[in-house]
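Take a look at the structure set out below.
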Amino acid sequence: MNYLMTAANDIDIMIKGLFSYKLFGQEFWITTTHISILIVMATIIILAVIANRSLAKKEEVPGTIQNIAELVVEKLDGIVSGSMGENASKFRNYIGCIFIFIFISNISGIFGLRPPTADYGVTLMLGVITFVMIQYNGIKVQKGGYFTGLFKPIPILFPVNVISEFATPVSLSLRLFGNIMSGTVIMALWYAMVPIFFKLGVPAALHVYFDLFAGAIQTYVFCMLTMTYIQDKMNG
Amino acid sequence: MFTGEDLILACSAIGAGLAVIAGIGPGIGQGIAAGYAASAVGRNPGAKGDITSTMLLGQAVAETTGLYGLVVAILLLFVKPLI
């Protein structure tokens, strides 16, 4: 019992504030999430610069880096055009961008960072961006039919329809947050609670499941659902 | 010896345990989805890739309700909003 109590103090899952500052009388904090996002962004920028360098002197027979870059672009293109059809060209950039960002964020747990997507602030913003895109494209494509669509099938269902519109970003963001957060919590519990013997080797398998597998699946699901919702509204 | 805070902590732990019972529903749902996907692959092995991605998407959506329970449990245990 005593052992468990002392171990419980080592559990380290929360976001920590590193540095505070005041702005307009409000107190704000630079937290571990900001640092993780900066590292993730730096990684993406470095990868992009490397890919750009290699594509600048592209060859008939592609080398290793050119091959990888072409593979990534082709796969992302396939995902977008597979689920959006003729609307794909407008959303290719955005979906590819959030796919790479969420994927690298999710797997950053392997490299010892606290994944940025395990902070609800980050995933909620991603959900809100999706929400704005859904509504904007719905109004742009369906015009007035968008607003009458809220009163279907019978007018008394209007509040329910509005609530279901607002539930979309919440469920999207909570899904991503819950999956990554549960992985983070389980890894932290494992590192804090088990005897030293199980800390060698075993966490590798857990990391592969919780960080790589769950992270990749949730990235795919987030992008897939974003595209499905937008496509739904555009076909009205 | 016992303070009100202790009582709230104990009840929060019980509540967190009750909240993750929400995992039962998604578990059953995901099992049913995987079973149908397996039988679909058995009937049409050529469509394995499409069936797998559809199954994973459906399972991830079905998982959401269980995750709501998990989020409530995590809030109760680590954020302690009631104290």
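Structure summary
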item	result
Criterion violated by A:Arg114 - all others in (1) surrounded by 13 or more Cβ atoms within 10 Å (Cβ to Cβ); (2) farther than 18 Å from A:Leu76 by Cβ; (3) among the charged types (D, E, K, R); (4) free of Cβ contacts under 8 Å to residues at least 60 places away in the same chain satisfied	(4)
Residue in the stretch A:52-63 that is modelled with pLDDT under 85, assigned to a helix (DSSP H, G or I) and among the β-branched types (Val, Ile, Thr) present	no
Residue that is closer than 25 Å to A:Asn93 by Cα, of a type in the set (Val, Ile, Thr) and within 14 Å of another protein chain (Cβ to nearest Cβ), where the choices are A:Thr130, A:Thr123, A:Thr184	A:Thr123
Any helices (runs of 4 or more DSSP H) falling wholly within chain B and containing at least 1 residues that are away from chain A (no Cβ under 14 Å) and in contact (Cβ under 8 Å) with a residue 40 or more places away in the chain	B:4-19, B:24-43
Qualifying residue in the stretch A:198-212 (condition: touching a residue at least 24 places away in the same chain (Cβ under 8 Å) and aliphatic (A, V, I, L, M))	yes
Search result, residues across the stretch A:65-82 that are surrounded by 14 or more Cβ atoms within 10 Å (Cβ to Cβ) and either of a type in the set (A, V, I, L, M, F, W, C) or in contact with a helix residue (DSSP H, G or I) (Cβ under 6 Å, 6 or more places away or on another chain) (or both)	A:Ile65, A:Gln66, A:Ile68, A:Ala69, A:Val72, A:Val73, A:Leu76, A:Ile79, A:Val80, A:Ser81
Single condition A:Phe210 does not satisfy, out of (1) surrounded by fewer than 21 Cβ atoms within 10 Å (Cβ to Cβ); (2) away from chain B (no Cβ under 11 Å); (3) under 20 Å from A:Met14 (Cβ atoms); (4) of a type in the set (A, V, I, L, M, F, W, C)	(1)
Residue match in the stretch A:153-170 (condition: among the β-branched types (Val, Ile, Thr), within 14 Å of another protein chain (Cβ to nearest Cβ) and surrounded by 12 or more Cβ atoms within 10 Å (Cβ to Cβ))	yes
The lone exception for A:Asn235 - which of (1) in contact with a helix residue (DSSP H, G or I) (Cβ under 9 Å, 6 or more places away or on another chain); (2) modelled with pLDDT under 90; (3) within 27 Å of B:Phe78 (Cα to Cα) it fails	(3)
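The values are calculated or read from the model by the stated rules, or taken from the named source; none is laboratory data. Note that the coordinates shown come from a computational prediction; the quantities given were computed from them, not determined experimentally. All Cβ positions, glycine included, derive from the backbone under ideal geometry; neighbour counts span all protein chains shown.
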